[in-house]
Amino acid sequence: MNQASRIPLSVIFALGFTMMLGPFAIDTYLPAFPLIADSLGVTIHQVSLSISLYMMGFALGQLTGGALSDRYGRRRVLVIGLCIFALASFALAQVQTLEAMLVGRLLQSIGGGWIGVSVPALVRDRVQGVQAAKLFSMIGLVAIIAPAIAPAIGALLLEVGEWSLVFLFLGGYALFLLPLLQATVFQGPRKPPGPGDGVGFLERYLGVLRTSSARPYIFWQAASFGGLILFVTYASYIYLGHFAQSRAAFTGLFACNIVAIFACNLSNRLLLNRYAPRQIMCAATGLQAASGLALLLVVLLDGPVQAFLPAMMLYAGMLGAISPNIQACYLESFPRSAASAAAVMGTAQFGFGGAASALSYLLPETLLSVVACIAACAFGSLACMLWSRRSA
């Protein structure tokens, strides 16, 4: 019996449900964009800035939370992060201006960052190597449900009430995780904190960045994930605007990408029984670059949504095979500073995604501009793969 199989399913599901909070925070309110824009007296384009701000705030939250987690423990940082997220969510339900919404989203994202950085560290505390890759895949199988159902939950909430219900739901979900984690992941008496190692916050992060073999993985993950963030940012424009699909169709089209990620994540777990994590993620990176090229061809040829969708599904799906393996290979180098290492990767990942999303607003609002940026991320991921071979 391997290490991953010895971890109780209750712990795997609890960590997966915790990871679901991030996608919920981004995807649940997407169907509410038109209503939020009307309520705040702004455009949908301006409301979309809240996604970019959330990404950058999430990166900041991970950067601060990672070193705190290594120093003061996973439980404390995770619980405080959930409380910050819940309080900010309840405040967002009351906002009446765009500025207030952006401030609320920033606070919410910092709490989300503290939550997000804790889960990889909890995994690394328990397993490593191939078993870590398998555990990341198992957690991912649970977490992937979130972006698949989040828009549908948002649409359902809009059917029964105002858009503020979306943020009340997010706050309530964060509070629900507190007793769940206590009963599973943190079950048993609380361990007293160990002696400090005398390493300062900055030195922890510099130590991660000085590890030359780990650097390519940081940018590899950031580039691969950045393309998906760009797609999520412009999903409403792509499907509701450019392809003129209905709100119900938008939910289904968006969910197709999540189905692809789920299938690739499940396949990745099976492939790990035969292939090394690096072999799988290199093959997946090549396929992602090919899908980026396919998206460009579809747009240049003015193809229909039926041609755009499978190429986008392949692009998104490859993340199910790239991310778990990158995290496992990367964290292998940091047995005693897993949270700090996860924070560096998370900061780069969401910082790059948020920055790319924000800078994309400087480009013409056309599908070609969006797809060109998505394809550029895929080619950047491919370049990082080649860099990692030289650093190995």
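Read-outs throughout are calculated quantities, based only on the coordinates presented, and are distinct from any laboratory measurement. These numbers come from a predicted model, not from an experiment. Here the Cβ positions follow ideal geometry from the backbone for every residue, glycine too, while neighbour counts run over all protein chains shown.
Laid out as a table, the results:
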item: Cα-Cα P(r), the range 1-58, percent of pairs per 5 Å interval; result: 4, 15, 18, 16, 12, 9, 9, 7, 5, 4, 2, 0
item: Structure-based [θ]222 nm, the chain - -39500 (n - 2.57) summed over DSSP H runs of at least 4, per residue, nearest 500; result: -26000 deg cm²/dmol
item: Dimensions in Å of the range 350-392 - Rg and Dmax from alpha carbons; result: 12.9, 40
item: Dipole moment magnitude, nearest 20 debye, the chain about Cα centre, only Lys, Arg, Asp, Glu C-beta charged; result: 1560
item: q = 0.22, 0.26, 0.28 Å⁻¹: log10 I(q)/I(0) that the Debye formula gives for the range 115-180, counting C-alpha atoms only; result: -1.00, -1.14, -1.20
item: Per-residue ³J(HN,Hα) for the range 213-218, Karplus 6.51 cos²θ - 1.76 cosθ + 1.60, θ = phi - 60°, Hz, x for Gly and Pro; result: 5, 8, 4, x, 5, 4
item: Relative exposure of T97, T18, T251, judged by other C-beta atoms within 10 Å (fewest first); result: T97, T251, T18
item: 16 Å reach of a label modelled at Q187, 7 Å along Cα-to-Cβ, counting backbone N of the range 10-36; result: 10-17
item: Burial ordering of R390, R124, fewest other beta-carbon atoms within 10 Å first; result: R390, R124
item: Burial ordering of S48, S213, fewest other beta-carbon atoms within 10 Å first; result: S213, S48
item: Descending semi-axes in Å of the range 8-391, equivalent ellipsoid built from Cα gyration tensor; result: 30, 26, 19
item: Estimated inter-spin distance, L300 and T366, nm [label 7 Å along Cα→Cβ]; result: 1.4
